[in-house]
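Student: Handing you this structure, nothing more for now.
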Amino acid sequence: DTAVSQTPKYLVTQMGNDKSIKCEQNLGHDTMYWYKQDSKKFLKIMFSYNNKELIINETVPNRFSPKSPDKAHLNLHINSLELGDSAVYFCASSQDLGTGTGELFFGEGSRLTVL
Amino acid sequence: SQQGEEDPQALSIQEGENATMNCSYKTSINNLQWYRQNSGRGLVHLILIRSNEREKHSGRLRVTLDTSKKSSSLLITASRAADTASYFCATERGSYIPTFGRGTSLIVHP
């Protein structure tokens, strides 16, 4: 059973389109994250949700909107896609924020290519 | 802002040799973690070291933490071709959200 699963794995689209990436975790974790990995492999935090509440948004454009219908799901919706949005997006989860145990469980990534 | 910086950016060694990667950071941390990423895959947690610890071991992995120098090192002993991957350090500060760098790309030649 996959612990953190995200779909689609690959996404190719045109500039200006709107797209979504879905993420689900079956670990019973309270906190979920979205990270963006650029072409130089730099991994940057975008959002973190704890028990469906947004707790951080690291200067991400408001074209990006996370949606969490329940604590097992954290979807990422992107409006008006730009060339610079091309990257690999990783969903992750952890047991509890604030305990310092910190271990993240990552999905396999969704590679977004904007043409 | 970026917290952890891995060094070197790339490392190429022969099977059986040891591989050492370093991570430097700028502000005080609660803990530091190391992750591994195989090509085209997600990151996998390797080891966590807390700010009051100086050294931890896990199998062929040895991690050290020097909070006075704000640096950590990951040593992989007796490397194998299967160790070929990118290795990332992640630091946790007050928000407890792990912050990553760009990683070290390790190639182990058989």
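The values are calculated or read from the model by the stated rules, or taken from the named source; none is laboratory data. Computed from a predicted model, the values in this text were never measured in an experiment. When we count neighbours, we look across all protein chains shown, and the Cβ atoms used for this are built from the backbone with ideal geometry, even at glycine.
Student: Going by what's in this entry, would B:Ile29 be described as within 14 Å of chain A (Cβ to nearest Cβ), free of Cβ contacts under 8 Å to residues at least 24 places away in the same chain, under 18 Å from A:Leu104 (Cα atoms) and in contact with a Lys or Arg (Cβ under 7 Å, 6 or more places away or on another chain)? Reasoning before the result, please.
Tutor: Values: within 14 Å of chain A (Cβ to nearest Cβ): yes; free of Cβ contacts under 8 Å to residues at least 24 places away in the same chain: no; under 18 Å from A:Leu104 (Cα atoms): yes; in contact with a Lys or Arg (Cβ under 7 Å, 6 or more places away or on another chain): yes.
No: the conditions fail for B:Ile29.
Student: List the pairs whose first member sits in segment A:48-76 and is within 23 Å of A:Met15 (Cβ to Cβ), whose second member is among the hydroxyl-bearing types (Ser, Thr, Tyr) and modelled with pLDDT of 85 or more, and whose Cβ atoms are under 8 Å apart, counting only residues at least 6 apart or on separate chains?
Tutor: A:Arg63/A:Ser80; A:Pro66/A:Tyr49; A:Asn75/A:Ser20; A:Asn75/A:Ser68; A:Leu76/A:Ser20; A:Leu76/A:Ser65; A:Leu76/A:Tyr89
Student: Just to be sure before I move on: is A:Gly107 in contact (Cβ under 8 Å) with a residue 40 or more places away in the chain, within 21 Å of B:Val44 (Cα to Cα) and either among the hydrophobic types (A, V, I, L, M, F, W, C) or surrounded by 21 or more Cβ atoms within 10 Å (Cβ to Cβ) (or both) in the structure I sent? If you could, list the steps in order and put the result at the bottom.
Tutor: Details: in contact (Cβ under 8 Å) with a residue 40 or more places away in the chain: yes; within 21 Å of B:Val44 (Cα to Cα): yes; either among the hydrophobic types (A, V, I, L, M, F, W, C) or surrounded by 21 or more Cβ atoms within 10 Å (Cβ to Cβ) (or both): yes.
It is true that A:Gly107 is in contact (Cβ under 8 Å) with a residue 40 or more places away in the chain, within 21 Å of B:Val44 (Cα to Cα) and either among the hydrophobic types (A, V, I, L, M, F, W, C) or surrounded by 21 or more Cβ atoms within 10 Å (Cβ to Cβ) (or both).
Student: When the residues of segment B:41-51 are narrowed to those that are more than 12 Å from the chain's Cα centre (by Cα) and modelled with pLDDT under 95, which ends up nearest to A:Phe105 (Cα to Cα)?
Tutor: Within segment B:41-51, the match that is nearest to A:Phe105 (Cα to Cα) is B:Arg50.
Student: Going by what's in this entry, would A:Gly28 be described as exposed (fewer than 14 other Cβ atoms within 10 Å of the Cβ), of a type in the set (Gly, Ala, Ser) and under 19 Å from B:His45 (Cβ atoms)?
Tutor: In short, yes.
For every residue, the table says whether it meets (1) of a type outside the set (S, T, N, Q); (2) at pLDDT 95 or above; (3) more than 28 Å from A:Arg111 (Cα to Cα).
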| position | (1), (2), (3) |
| --- | --- |
| B:Gly4 | yes, no, no |
| B:Gln9 | no, no, no |
| B:Ser12 | no, yes, no |
| B:Arg36 | yes, yes, no |
| B:Lys56 | yes, yes, yes |
| B:Leu61 | yes, yes, yes |
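Student: Among B:Arg93, B:Arg102, B:Arg50, B:Arg41, which is within 14 Å of another protein chain (Cβ to nearest Cβ) and in contact with a Lys or Arg (Cβ under 6 Å, 6 or more places away or on another chain)?
Tutor: None of the other options fit; the residue is B:Arg102.
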